[in-house]
1. Would you be able to tell me the number of residues in the range 275-291 that are among the polar types (S, T, N, Q) and surrounded by 16 or more Cβ atoms within 10 Å (Cβ to Cβ)?
2. Among the residues of the range 171-211, how many are under 17 Å from ASP160 (Cα atoms) and assigned to a strand (DSSP E or B)?
3. For the range 96-120, which positions are β-branched (Val, Ile, Thr) and open to solvent by less than 20 Å² (accessible area, probe 1.4 Å)?
4. Filter the range 82-101 for residues that are on the phi > 0 side of the Ramachandran plot and either free of Cβ contacts under 8 Å to residues at least 24 places away in the same chain or touching a Leu at 6+ places or on another chain (Cβ under 9 Å) (or both) and give the result.
5. Answer with yes or no whether ILE123 is crowded, with 18+ Cβ neighbours inside 10 Å, modelled with pLDDT under 95, of a type outside the set (D, E, K, R) and closer than 28 Å to LEU249 by Cα.
6. Look through LYS256, LYS307 and report the one residue that is within 18 Å of the chain's Cα centre (by Cα) and loosely packed, with under 14 Cβ neighbours inside 10 Å.
7. Hey, could you check the range 164-206 for residues that are at pLDDT 95 or above and hydroxyl-bearing (Ser, Thr, Tyr) and say which is most open to solvent (accessible area, probe 1.4 Å)?
8. Run down ILE140, ILE123 and say which single residue is under 21 Å from LYS302 (Cβ atoms) and either in a strand (DSSP E or B) or among the β-branched types (Val, Ile, Thr) (or both).
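The values are calculated or read from the model by the stated rules, or taken from the named source; none is laboratory data. Note that the structure is predicted; figures quoted are calculated from it, not measured. FYI the Cβ positions are ideal-geometry reconstructions off the backbone, even for glycines, and counts take in every protein chain you see. For the accessible areas, the whole protein counts, side chains as well, though only heavy atoms, and no ligand, DNA or RNA atoms are used. Shrake-Rupley method; radii C 1.70, N 1.55, O 1.52, S 1.80 Å.
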Amino acid sequence: MNMKDIAAHLGISVATVSRAINGSENINPETKERILAFVDKKGYTPNVIARNLSKMENNTIALLVPNISNPFFASLINKICVNFAKSDYQIALYNTSEDIELEKKAIKNIIGQRIAGVIAILINGKYNENPLLPLINYNIPVFLLDRDIRDYTLPGIFLDNYIGAYKVVTELLNKGHRDIAVITGDLSSLNAEERLKGYIKAHEDMNIPYSKENIYEGNFLFESGYEAGKKILATSATAVFSSNNLMLLGFLKAMKTLDKDIELSCFEEIEYLEVLGINVISCKIPLDVIGEKTYSLFFTDKSKRKKTYIEPILIKNTKEF
């Protein structure tokens, strides 16, 4: 059933039906009530997409996510959705699977949908040009989340990757570790680079040398943590700092296979490891704060939008080394 059918059934014009359904005041109250009662009885739902296209507007916000299987991103998405549920906006999720071609395809689709704005967690990799430029050229508001991009200034909410890594590695050094391996993300990404800088600076500030041989480059994915783990566990390292949760899980797989004890640390907390009795020095990521600030940034005046950095909170491990 469409508006034309409703109008024919009630013996009124399509324009009158449209005014009633869209909340116009320019309609007789009794006629409006009769239309809405009929619509409710028949279970009619307006075609929101068609209506938005005709008005050249949309109340949907696109959220680009690079890896929906990552528990961190899943929790972050939940906080974003909870906050935007307070408004009339809805979230459309695009999972790009750390694939640049899927990301390009998603951006192309978003342009066709006349979306109200885009919150982008970009794939982990190096760009030759701003991947969000097509959106910007169509005057679609764009906001970055979690992952910043080199050489381009866009507003967004980010973790302080340097400080978080610095806190964790300093804690390891304070516990007496002097041979600490680090599994980085893809170092073409700013997040991975900043976390490695935090690892190095923690050593420098305590006048403790670090070995370049203890730096293992991964890609933020499970398998790279597993492969790095097999190499690290064959060395004299007494502790490992994983730059993200998936790589630490990969490391744990290697650890189980080789049955060797080593102190574990990670940039971000993995809550369910504590339930399993696995102690990890890590940072708690204030997801509630990130969700709230992302929501606020979306509604901030364009001239006042900027980059905001959230500091991770160190979670100490009570286990003695």
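1. Qualifying residue count for the region: 1.
2. 1
3. THR96, ILE107, ILE110, ILE115, VAL118, ILE119, listed by residue number.
4. Matches in the range 82-101: GLU98 only.
5. Yes, satisfied.
6. LYS307
7. Among those that are at pLDDT 95 or above and hydroxyl-bearing (Ser, Thr, Tyr), it is TYR166.
8. ILE140
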